[in-house]
C-alpha cells in the first residue's frame, strides 16, 4: 500500500474515532442520516408524553406529525390531540383556534361534538367570579348551546346542558350582585332594571326569588321618592307665591 494512502486511511479512522468519542451516535446520525420515525411511532411517543402530563413535548410531536405526514391517518388525531395538549397547558386561545381549525377542515368528522364541547370549555375555563365581567360566561354558553342544537343526542350535548345551567347560574349571580350594588347606593331604578332582567332571562335559577323580593322593595322606594319629590316641589311653589 502506498505510504500516502496508508496515512490517509489512518487519519480517516482516527477522525471516525474522534467523532464517536465527542459526538456519539447523534453526530453520526447527523452526518450519515437518521432513520425517519413513522407516523405510528411518532403518535405512540406523543401519546405517551401526553398521558404522562408532558404536554409541551406532546404538542411538538403532534405538530411534527401534522407537518410531515398531513395525509396520514394519524394526522387527524394529531390535530385534535394537539388542541387538547394546548388546553391542558391553559393556552385557551391557542387551543380554541386549533379546535376551530379542525371544525372547518373536518365538519363531518365524528369527533365534532367533542370539539364543540371543548371550544365551550376554552371559554368556561376562564369564567371569572360573579363580581367580575362575565364575557367568557356568555361565550361559553353560546358554544354549548350550539352543540346542543346541532347534536341533541350526543353524550357531549348532555354534558353541555349541565354547563349551560352553570353559566346561567353565574350570570344570574352577576345580575344580583350588580343590582344589590345599586340597591345599597339607593339607586332603585337601575337596581330594579337588573332584577327585572334576571327574572326575564334566568327564571329557573336560585336567585329568582331574591330578585322578586328586591323588585317589590325597589317599587316601594321609588314610590316614596316620587311622593317626596312631589311634596318638596309643592312646598317650593307655595313658598315662592305666598312669601
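Each row is one residue, and each column tells you yes or no for (1) in contact with a helix residue (DSSP H, G or I) (Cβ under 8 Å, 6 or more places away or on another chain); (2) closer than 15 Å to residue 131 by Cα; (3) not in a helix (DSSP H, G or I).
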| residue | (1), (2), (3) |
| --- | --- |
| 173 | no, yes, no |
| 177 | no, yes, no |
| 180 | yes, yes, no |
| 190 | yes, no, no |
| 196 | yes, no, no |
| 199 | yes, no, no |
| 203 | no, no, yes |
| 211 | yes, no, no |
| 216 | no, no, no |
Next item on the list: Starting from region 34-61, keep only residues that are more than 24 Å from residue 94 (Cβ to Cβ), then list their pairs with residues that are surrounded by 15 or more Cβ atoms within 10 Å (Cβ to Cβ) whose Cβ atoms are within a distance under 7 Å, requiring at least 6 positions of separation or different chains.
Entry: 40/74
Next item on the list: Could you give me the residue pairs with C-beta distances under 8 Å whose first residue belongs to region 185-214 and is at positive phi, whose second residue is assigned to a helix (DSSP H, G or I) and surrounded by 15 or more Cβ atoms within 10 Å (Cβ to Cβ) wherever it lies, and which are 6+ apart or on separate chains?
Entry: 186/221
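FYI, it's all coordinate maths here, none of it is from the lab. Bear in mind that the values here come from a model prediction, so they are computed numbers and not experimental data. Note that we place each Cβ from the backbone using ideal geometry, even for glycine, and neighbour counts take in every protein chain shown.
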